[in-house]
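Student: For reference, the structure I am asking about is given below.
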Amino acid sequence: SIRIGSVSSSYLEATLETAPFEPEFHEVLSEIKAVTYHQIQVTEKTNGWEARIIFDV
């Protein structure tokens, strides 16, 4: 589930919930080192929001 806390032109606060990680079912292909603000983009669309977030792997 996803719960949006607040949104502005430069800030997004949200809670995303997924199933717990289970190594026997989920294969780790790469680890995320960091999330960067470089080229981050959040756009309101007619049916919701679209976000582009770049992860440093």
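Read the figures in this text as sums done on the coordinates, not as results from a lab. Just so we're clear, the structure is a prediction, and the values are computed from it rather than from any experiment. Reconstructed Cβ throughout: ideal geometry from the backbone, glycine too, with neighbour counts over all protein chains shown.
Student: Kindly indicate whether any position in the range 39-55 is among the aliphatic types (A, V, I, L, M) and assigned to a loop (DSSP other than H, G, I, E, B).
Tutor: No, the range 39-55 has no match at all.
Student: Please find, among GLU24, GLU50, the residue that is free of Cβ contacts under 8 Å to residues at least 24 places away in the same chain, surrounded by 10 or more Cβ atoms within 10 Å (Cβ to Cβ) and at negative phi.
Tutor: Step by step, each of GLU24, GLU50 is checked, and only GLU50 is free of Cβ contacts under 8 Å to residues at least 24 places away in the same chain, surrounded by 10 or more Cβ atoms within 10 Å (Cβ to Cβ) and at negative phi.
Student: Within the range 5-21, can you find the residues that are of a type in the set (Asp, Glu) and either more than 23 Å from GLU50 (Cα to Cα) or surrounded by 10 or more Cβ atoms within 10 Å (Cβ to Cβ) (or both)?
Tutor: Result: GLU13, single match.
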